[in-house]
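J.: Below you will find the structure I want to go over with you.
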Amino acid sequence: MQTTSVKLHSLRYADARTYLAAALFVAGNLALPQLCHAVHMGGPTWLPIYFFTLVGAYKYGWRVGLLTALASPLLNSVLFGMPLPAMLPAIVLKSLLLAGAAGFAAARFRRASLPLLAAVVLAYQVVGSLGEWALTGSLLAAAQDFRWAGRPQKPDLVAPDQVQKRKMSTPEGYAAMLHAICHIEFNAINLALDAAYRFRTLPPAFTADWLRVAKEEAYHFSLMRGRLNAHGFDYGDFEAHNHLWDMAYKTAFDPLLRMALVPRVLEARGLDVTPAIRAKVAQRGDAATCDVLDIIYRDEIGHVQTGNDWYGYLCAERGLEPVALFRALISRYDLFIFRGHVNIEARERAGFSRFELAMLENFEQSRKAQPQERNWRQALGR
């Protein structure tokens, strides 16, 4: 097995270098997340807050690692608002576990290799799962983590910009449009089931709500697949992207973030675009598909309302102001609500207030008016 030759240290608390090294690694854990956030969805994708904790503990010993692990999440929360205060206990615990595992591996083996580093990461994940077992009382629940949702072999998943664009005026192009809607509904089933299971420690009403949503999404999928079949195609005949499920996993560590960015951003966008899609379908004389879109549109208002209700509940539970927090989150994750047509009437029916929508529109206009300043400030976390 090939190993990397590096000099490992084990600094003591009486050594001033311990605190200097920890300060430098904490600074890295402060700067790296902000740089990652300058890339669209970079922060939740790479989880950079743990990187320098691992490096510091392995290179300079568990004492440097523990200091870095404790200070980094706390300072990130105070200075930049993330992690949210309610998330801090879990993230600090994971950071400490990672530092302890890395420091132990370095002291025990006195060398660095990719298998050893992978074992360190696996060890802190296992111990974290044991902690969840103690909390939930279920070993099976603690051991499971659905990063990949169950799906058939088809469709082939590609990057969003690699999905082939087809003219809706052609039979194949029209079927591709129906397939895209079908794929959205398929992903929506997994999104709802994932929310019900992943955040199972919330009140039982939360699980019941998202199981109901999953049932309705499955009905939408079957209806839309039937329309696709009526045009001589089936689900899986066209390529698709995995953007919706990617967002689900990127918000997996906090139900408040999930409710803010999935129902209130991604699913609410469906309320904006569905009427225009229905109008194009009606122009083709496809009344049966119009009927299906009417059902989807009606139910999706309820689904976004469910997300809004639980977003409000979680904000109240944590003592957070919902509108101000949502504005901060869409800025942090570089998302926009007012991009293209916005269906104000449907969004109000789904639980958005006219005041919030007006405030968001003004806020986004100010962001668009100063893109260079926004990106510069975002990169520095200001």
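J.: I need the calculated FRET efficiency for the pair ASP156 and ASP246, taking r as the beta carbon distance and R₀ as 22 Å, to the nearest 0.05.
T.: Working: r = 16 Å, r/R0 = 0.72.
The calculated FRET efficiency here is 0.90.
J.: A follow-up question, please. Using packing as a proxy for protection, rank 23-29, 92-98, 110-116 so that the peptide with the highest average count of other Cβ atoms within 10 Å comes first. Kindly include the intermediate steps, with their values, before the conclusion.
T.: Values: 23-29: 19.3, 92-98: 20.9, 110-116: 13.4.
The most tightly packed comes first, giving 92-98, 23-29, 110-116.
J.: So, R0 is 45 Å and r is the distance between the beta-carbons of TYR19 and PHE355; what FRET efficiency does that work out to, to 0.05? Present the calculation step by step, with values, prior to reporting the outcome.
T.: Numbers: r = 48 Å, r/R0 = 1.07.
Using R0 = 45 Å, I get an efficiency of 0.40.
J.: Let me know the Rg and Dmax you get for the range 158-380 when you use only its Cα atoms, in Å.
T.: Cα only, the range 158-380: 18.1, 53 Å (Rg, Dmax).
J.: Anything over 27 Å Cα to Cα? Flag those among LYS167/LYS250; LYS59/LYS94; LYS94/LYS154; LYS165/LYS215, in the order listed.
T.: Values: LYS167/LYS250 32 Å; LYS59/LYS94 19 Å; LYS94/LYS154 37 Å; LYS165/LYS215 31 Å.
Over 27 Å apart, Cα to Cα: LYS167/LYS250; LYS94/LYS154; LYS165/LYS215.
J.: With a 10 Å radius around each residue's Cβ, average the other Cβ atoms per peptide and rank 245-258, 151-164, highest first.
T.: Values: 245-258: 20.0, 151-164: 11.9.
Taking the mean over residues of other Cβ atoms within 10 Å, the ranking is 245-258, 151-164.
Every number in this text was worked out from the coordinates using simple rules, so none of it is lab data. Bear in mind the structure is a predicted one, so any value in this text is a computation, not a measurement. Methodologically, a virtual Cβ is constructed for each residue, glycine included, from the backbone with ideal geometry; neighbour enumeration extends over all protein chains shown.
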